[in-house]
Every structure is written in structure tokens, then in C-alpha cells.
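Reading through the C-alpha cells given below for one structure.
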Amino acid sequence: MSVNQVFKNTSMTIQQKLRTPFILKIKKPNRLQALAGCPQKKGTCLKAYIMTPRKPNSAKRRVTRVVLTNYQKITSYVPGITSNLQKHSTVLVRGGRTKDLPGLRYKNIRGKYDFHALVNRRNSASKYGAKTSVSRISQPYQKRRLWR
């Protein structure tokens, strides 16, 4: 392979091309391989169970074993307080790791398919599929008075 083939379509002289080293860019490995480049994937629960987190933390975290539509089996985290997931439940899975659970790189999305949304959630409600209260939305925007 000649120098001109390596540095194609650049506005450099041959001497400049020879001076600069040819560096191959290394691609980072895709950590969400099961999603296959998609933002979310649909899947079916194989089983729902409880895991305990890593050393400094202590809790019981709900997780599910899911087979996706591309036939890959993954373990995904169940966010929120309660869950209605069991075997054969249909869920929507997104990327996003859970720090204190080793090997968990996926999360289930609440409010889609068989996974119910949290009803009385106020803080970060959209992450848990909860609708914001109607009274707050229906109120017209009131301008603040700066002077009295």
C-alpha cells in the first residue's frame, strides 16, 4: 500500500504525509450488544428474581431474565418500588447499567406492555411511567410580579 492510498482525500503534500505517523483509530467495544444498535428492544421474561448488590451496599434488588426479539438472553434491572413482572410478561428493555449490581447493563421501561407504571410517583415521574397530575398541567402560566 502506497502513501497516497493511505492518506487519500487530504490536502497534504507528500512530505507532510510522510512526516505524520499513520495512527489506526481503535473502536470501543459496544457494551449493549444485545440491543443491536437499537434504543430499546422488546422481550419476554423468563424469570423474575432478587439479587444482592456489591460490597458496601446492602439491599434486595429485583431483576429479570429476559429473552429479546433477537433471541438473546439478558439480565435486566426492575426500577421502582413494586413490580408485577413474572414469567411470560412482555417488557421493553433499554440500556443503562446499575452500578452496584455486577453484570447488569439493561433496565426495564415502566408503563410499557405488561410492566405497570408507578401511580403516585412525583419526582422523576417520566422515568417510572407515571403521569403528572392534571391540576398542575391545566393551570395557566402566571407571570410573577417583580414589584408590588
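Which pairs, out of K27/K99; K47/K127; K73/K107, put more than 18 Å between their alpha-carbon atoms?
The pairs that break the limit, which is 18 Å between Cα atoms, are K27/K99; K47/K127.
Using 0.36 nm per residue of separation minus the Cα-Cα distance, give me the extension gain between K87 and K60 in nm, one decimal.
Fully extending the segment from K87 to K60 adds 7.8 nm.
For region 33-131, give me the percentage of DSSP beta bridges that are antiparallel, rounded to the nearest 5 percent.
90 percent
How large is ³J(HN,Hα) for each residue in region 47-61, as worked out from phi by the Karplus curve 6.51 cos²θ - 1.76 cosθ + 1.60 (θ = phi - 60°), to whole Hz, x for Gly and Pro?
7, 10, 8, 10, 10, 9, x, 5, 3, x, 8, 9, 6, 10, 9
Give the residues of region 22-57 whose amide nitrogen is closer than 13 Å to a point set 7 Å from the Cα of R94 in the direction of its Cβ.
From region 22-57, the list is 39-41.
Mind checking the full-extension length gain between Y113 and T69? Use 0.36 nm per residue of separation minus the Cα-Cα distance, one decimal, nm.
Full extension of this stretch gives 14.4 nm more.
Throughout, read-outs are computed from the coordinates displayed, never taken from laboratory work. Model, not experiment: these values are computed from the prediction. So basically every Cβ, Gly included, is an ideal-geometry build from the backbone, and we count neighbours across all protein chains shown.
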